[in-house]
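Peer 1: For reference, the structure I am asking about is given below.
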Amino acid sequence: MLKLTKKADYGLMAMKHLAEHAHEGACSAKDVAESYGIPQEALAKILQRLVKAGLLHSQHGINGGYTLARDPGMITVFEVIRAIDGPLFITSCVTVRGECDQTDRCNIREPLRRVNQSIEQLLRRISISEMKEAPAASEEGKTKSTAELVTIT
């Protein structure tokens, strides 16, 4: 099953929170962590990765905390995941080196590469701003499914 890491989940939750509360100024890691029941120490490390990737600004001091480095419409889900977890690969054969013990006999490498590429393209199309505007979980059934958003050719 393909799924995001817990770190990526936390990072996306934090980015959405910062987008929703941008008008309030900087938010501390503690405030974000407490809002969602996320371990503060883990979140602080994730936020530092996002700062290092240029997606967040950090401010020290009494009124310090984190703010988005760019407009939330210009930050993609793909960028956040890549900053936290590194390159997105569904299987090792779609990496740059792309070898496994089945390389010589593999008959699914190209289809998996296309799946990987489609997932990446989808994640590049979703901005933090769009996540901010997403309906609540109770409204989920009214939104388009991921299958409707991406076509694998």
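Peer 1: What number of residues within the stretch 36-71 satisfy the criterion of being part of a helix (DSSP H, G or I), among the small types (Gly, Ala, Ser) and loosely packed, with under 14 Cβ neighbours inside 10 Å? Full working, then the answer.
Peer 2: Initial filter on the stretch 36-71 (part of a helix (DSSP H, G or I)): 36, 40-52.
Narrowing the set further to residues that are among the small types (Gly, Ala, Ser) leaves 42, 44.
Narrowing the set further to residues that are loosely packed, with under 14 Cβ neighbours inside 10 Å leaves none.
The qualifying residues number 0.
Peer 1: Considering only the stretch 2-19, I want to know if a residue exists there that is within 18 Å of Ser129 (Cβ to Cβ), in contact with a strand residue (DSSP E or B) (Cβ under 6 Å, 6 or more places away or on another chain) and not in a helix (DSSP H, G or I).
Peer 2: no
Peer 1: Another question about this same structure. Which residue pairs have Cβ atoms closer than 8 Å, lie 6 or more positions apart in sequence or on different chains, and pair a first residue in the stretch 15-38 that is in contact (Cβ under 8 Å) with a residue 40 or more places away in the chain and under 15 Å from Leu55 (Cβ atoms) with a second residue that is surrounded by 15 or more Cβ atoms within 10 Å (Cβ to Cβ) and among the charged types (D, E, K, R)?
Peer 2: Lys16/Lys132; Ala19/Lys132
Peer 1: With the condition kept exactly as written, say whether any residue in the stretch 72-89 is in a loop (DSSP other than H, G, I, E, B), without any contact (Cβ under 8 Å) to a residue 24 or more places away in the chain and surrounded by fewer than 14 Cβ atoms within 10 Å (Cβ to Cβ).
Peer 2: Initial filter on the stretch 72-89 (in a loop (DSSP other than H, G, I, E, B)): 75, 86-89.
Next, from what is left, pick out any that are without any contact (Cβ under 8 Å) to a residue 24 or more places away in the chain: 86-87.
Subset that is surrounded by fewer than 14 Cβ atoms within 10 Å (Cβ to Cβ): 86-87.
Yes, some residue in the stretch 72-89 is in a loop (DSSP other than H, G, I, E, B), without any contact (Cβ under 8 Å) to a residue 24 or more places away in the chain and surrounded by fewer than 14 Cβ atoms within 10 Å (Cβ to Cβ).
Peer 1: Working carefully through the options Gly11, Gly25, find the one that is of a type outside the set (Asp, Glu), farther than 16 Å from Ile84 by Cβ and either crowded, with 19+ Cβ neighbours inside 10 Å or modelled with pLDDT under 95 (or both). Even if it seems obvious, please write down each step before you answer.
Peer 2: On the way: Gly11 fails: farther than 16 Å from Ile84 by Cβ.
Unique residue meeting the criteria: Gly25.
The values are calculated or read from the model by the stated rules, or taken from the named source; none is laboratory data. Please read all numbers here as calculations on a predicted model, not as lab measurements. Cβ atoms come from the backbone with ideal geometry, glycine included; neighbour counts cover every protein chain shown.
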